[in-house]
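Q: To start, I am sharing the structure in question, which I have written as structure tokens.
The values are calculated or read from the model by the stated rules, or taken from the named source; none is laboratory data. No experiment lies behind these values; they were computed from the predicted model shown. So basically every Cβ, Gly included, is an ideal-geometry build from the backbone, and we count neighbours across all protein chains shown. The protein model used for the area step is the full one, side chains on, heavy atoms only, and it has no ligands, DNA or RNA in it. Shrake-Rupley method; radii C 1.70, N 1.55, O 1.52, S 1.80 Å.
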Amino acid sequence: MTGLPATPPLPPAGRGDWARLLALLLALVLLPTLAQAHAVLMESSPADGARVERPPADIRLRFNEPVTPVAIHAFGPGGALVLPGPAVASDDALRVPLPPLPATPGPYTVSYRVTSGDGHPVAGSLLFGVGMTPERPEQAEERGRNLALLAAMAARALHYSSLLAAAGGGLFLALVAPGAAFRTGRDWAPLGRLARLRVTVALAALAVPLNLGLTGALLIGESPLALLTPEAWRAVLASTGGTSAAIALSGLALLAVGLWRNRTGVGGTLTLLLGALIAIGALTVTGHAATAPPSWLAAPLVGLHGLTAAFWLGALGPLRAILRHAPALEAARLVRRFSHGAVWVVALLIVAGAGLSALQITDPDRIGSTAYGQFWLVKMIGVALLLGLATVNRLWLTPTLENGARAARERANRLLSLSVTLEVAVMGLVVLLTAALGTTPPPRTLVKPVIEAPVGYSSVATAKGRQAVIDLDPARVGANRLTLHLAQPDGAPFDPKELSVELSQPAAGIEPLSRRPTRSGPGVYRLDGLTLPLAGRWDIRVDALIDDFEKAIFRASLTVGEQGPDK
Amino acid sequence: MIRPTRAALAAAGLLALSAAILPADASAHATLETKQAPSGSYYKAVIRIGHGCDGSATTAIRVRIPEGVVSVKPMPKIGWTLTTTEGPYATPYESHGKTITKGVTEVTWTGGNLPDAWYDEFVFQAKLPEKPAGTVIYVPVVQECEKGVNRWIEIPEPGKDAHDYKEPAPSVTLTAKP
């Protein structure tokens, strides 16, 4: 029996068009979002733009998720400050120790760059004045960063597509066509070699460090060339990206072993399966999709999404090789076999994708109004196109390939090859968009305000070795918000057994207003809607119960201004 | 005509002041009956409970023994369960040639019921530390009620005294050794 004639490859011009279209699409949707970062600074102590009466011993930053410090710099009136120790991260808080500062008035700036739990960089700076209100300088642009973002996105797309292709190829060899080999000329060649899976695995293994290095460059906020610097690698290896890369490389190594042992049967099949699972597992430990709350749901969904996507994407290479090299009946049998499994796989893929979308987007209104939502929409168009192609393949081409007349079979083979090529192209777009989604802040992180209004008045008090930073906002007659940052003698957050606040203005004969603040984070307490009826100097007393018999009493004075103009 | 001497005036003022303070003192706060005692003496601490927590009946009295106060012996009370907690002393002390490193750090009477309208006393005996005259020993007391709790644990900060607080800790001031 002779094999079917090989389909001519798609002319190079067609590929070029796709690439150009992709680049255009990407550039259009991407540009306005380049400057956005990931995790969000929820609050800081002292607050940005605040005036403090006494120099603080340290700076505290609280984010909406756990962070790892990368680079922290502080500047005072006399230039850069030498920090006495490294910044300490615990949960979602970061403490930056400051050297002893003089009590003379002056502005201070602390710039920070951290990586969030999903491995993305967050940078910003904090301005405060000791005994003075700091003036805000013009925001400096970050150069080179945009280029790094584009390069990182491209590297991530390459990483995703090659990893999915390698893992999916392994899955195909293990599940759909174990031990398949076809005659090419005089020799027999295993399907893995015909589908160039070894090249794919090698490419995937190269894409891992490339992606890692460029992510590092992005993390430290430098140009793509920073991937050659040790700082970039230190930054990325300290984030979840390092773990993910290690997992990916071990999965790929197993896949390589599996491909090499493919002809030996069960052992090879198991190695391929395990390698594919581990390689996809790499996707579940990093990125904002896998770290979205609740993580017990998000990470498995990412794994399922990745695994099913790999099954589909990774099958395309082997399928093309089968259509080109396999005898007609064998090709029809394998295509049908794949097609059977694919229905369920695609169903799971869609379910997992829908679940992840719901976790990230949180509100249908945000699809049109955020960059993330727009990327998502374009990706969905690509997905719809893919599903359309898959439906045509399954309902018309595959049955014809199996049961049609000889001429119809040959036509079906050609069309199927074309369709698979088209699928590869659309899938490239979809993966690129997935990489873009991975570098764009999802709407769930945009729910909370990024920048809080500057605090009107700050004061620091100590009692029993403990420290309380007291912020009043806007420190005017009317409704105010009081925020307390409490710290133990060692600087760790202090969560008292009981906490109450009393405000009084003895000069005006105002008896103490007693309130209980609510906890909004480790050592952070807040009192909203605190109405202060009079301007002037208010005395505040904070009672923090250390244990049943001991309490720390913090006292401070707060200056409250007249009713300000409405904002 | 009798001209009041300055001393008499001062005495009258002091009397008026104490008259003004004492009833309030007895009814408003948890206090120690004996306000002064010689340094290093054995002291009978009588904690006076004049009311509950905002009208709610008292159900437990817990006393933290301050640093330096040793050889604590609480007095049992009918209708109340007496328990003590032992722990290490921050600074060991010498007693009859022996070094004592641990002892009672907390005394608790629980399970009773003292209505807001009634008065009661909770007693323990202890040896006061040997410190200069004028040293004030604060004895933090937690009064637990059916509803709510009063923490008589506020120790005046420098420049303030017990009257500046809503829930001051009961105290005894050391006098010179006789």
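Q: Treating only the Cβ of Lys, Arg, Asp and Glu as charged (+1, +1, -1, -1), what charge dipole size does chain A show about its Cα centre? Round to the nearest 20 debye.
A: About 2760 debye.
Q: Using a cut-off of 17 Å between alpha-carbon atoms, which lysines can reach B:LYS102, once sequence neighbours fewer than 8 places away in the same chain are excluded?
A: Within the straight-line cut-off, B:LYS102 pairs with B:LYS73, B:LYS127.
Q: Here's something else I'd like to know. If amide hydrogens are placed 1.01 Å from N in the peptide plane, which non-local residues have theirs closer than 5 Å to the one on B:GLU130?
A: Here the answer is B:GLY40, since their amide H atoms fall under 5 Å of that of B:GLU130.
Q: Sort out for me the Cα centre separation of the range B:31-57 from the range B:107-178, rounded to whole Å.
A: Comparing the Cα centres of the range B:31-57 and the range B:107-178, I get a distance of 6 Å.
Q: Tell me, what ³J(HN,Hα) does each residue in the range A:462-473 have, in order and in whole Hz, if you take phi through Karplus 6.51 cos²θ - 1.76 cosθ + 1.60 with θ = phi - 60° and put x for Gly and Pro?
A: So the J values, rounded to whole Hz, are 10, 7, 6, x, 9, 10, 10, 9, 10, 10, 10, 9.
Q: For the range A:521-552 and the range A:234-260, what is the separation of their Cα centres, given in Å?
A: Between the Cα centres of the range A:521-552 and the range A:234-260 lies a distance of 50 Å.
Q: Rounded to the nearest 500 deg cm²/dmol, what is the calculated helix-only ellipticity per residue at 222 nm for the protein assembly as shown, with -39500 (n - 2.57) per DSSP H run of length n ≥ 4?
A: Computed ellipticity for the protein assembly as shown at 222 nm equals -12500 deg cm²/dmol.
Q: Express the carbon and sulfur contribution to the solvent-accessible surface of the protein assembly as shown as a percent, rounded to the nearest whole number, probe 1.4 angstrom.
A: C and S atoms contribute 62 percent here.
Q: Go through the range A:59-71 residue by residue and turn each phi into a ³J(HN,Hα) via Karplus (6.51, -1.76, 1.60, θ = phi - 60°); whole Hz please, and just put x for glycine and proline.
A: With the stated coefficients, the range A:59-71 comes to 10, 10, 10, 10, 10, 7, 7, x, 10, 10, x, 10, 9 Hz.
Q: State, in square angstrom and to the nearest 100, the accessible area buried between chains B and A, both chains counted, probe radius 1.4 Å.
A: Counting both chains, the buried surface is close to 1200 Å².
Q: Where a Cα-Cα gap under 14 Å defines reach, which aspartates and glutamates qualify for B:LYS160, not counting those fewer than 8 residues away within the same chain?
A: Hits, sequence-local ones excluded: zero.
Q: Could I ask something else about it? Enumerate the amide H contacts of A:ASP58 below 5 Å, restricted to partners 5 or more residues apart or on another chain; note that Pro and chain-start residues carry no placed amide H.
A: Answer set, sorted by chain and number: A:LEU98.
Q: Using the Karplus equation 6.51 cos²θ - 1.76 cosθ + 1.60 (θ = phi - 60°), what ³J(HN,Hα) coupling, rounded to whole Hz, does each residue of the range A:331-345 give in order, writing x for Gly and Pro?
A: Those phi angles translate into 4, 4, 4, 5, 4, 5, 4, 5, 4, 4, x, 4, 4, 5, 4 Hz.
Q: Between B:GLN36 and B:GLU86, what length comes free when the chain is fully extended (0.36 nm per residue of separation minus the Cα-Cα distance, one decimal in nm)?
A: Gain in length upon complete extension: 15.4 nm.
Q: Sticking with this one: Using the beta-carbon distance between A:THR362 and A:LYS464 and R0 = 30 Å, what value does 1/(1 + (r/R0)^6) give for FRET efficiency, to the nearest 0.05?
A: Efficiency, from the Cβ-Cβ distance: 0.10.
Q: Determine, for each peptide in B:60-66, A:295-301, the mean count of other beta carbons within 10 angstrom over its residues, then list the peptides with the highest first.
A: Put in order of decreasing packing, that is B:60-66, A:295-301.
Q: In Å², and per residue, what accessible area does chain A have when probed at 1.4 Å with the other protein chains present?
A: Accessible area per residue, chain A: 45 Å².
Q: In peptide A:401-410, how many Cβ atoms from other protein chains are near each Cβ within 10 Å, on average?
A: Taking all residues of A:401-410 together, the mean is 0.
Q: Quick one: which residues, 5 or more positions from B:ALA60 or on another chain, have an amide H under 5 Å from its amide H? H modelled 1.01 Å from N in the peptide plane, none for Pro or chain starts.
A: Hits under the 5 Å cutoff: B:GLU144.
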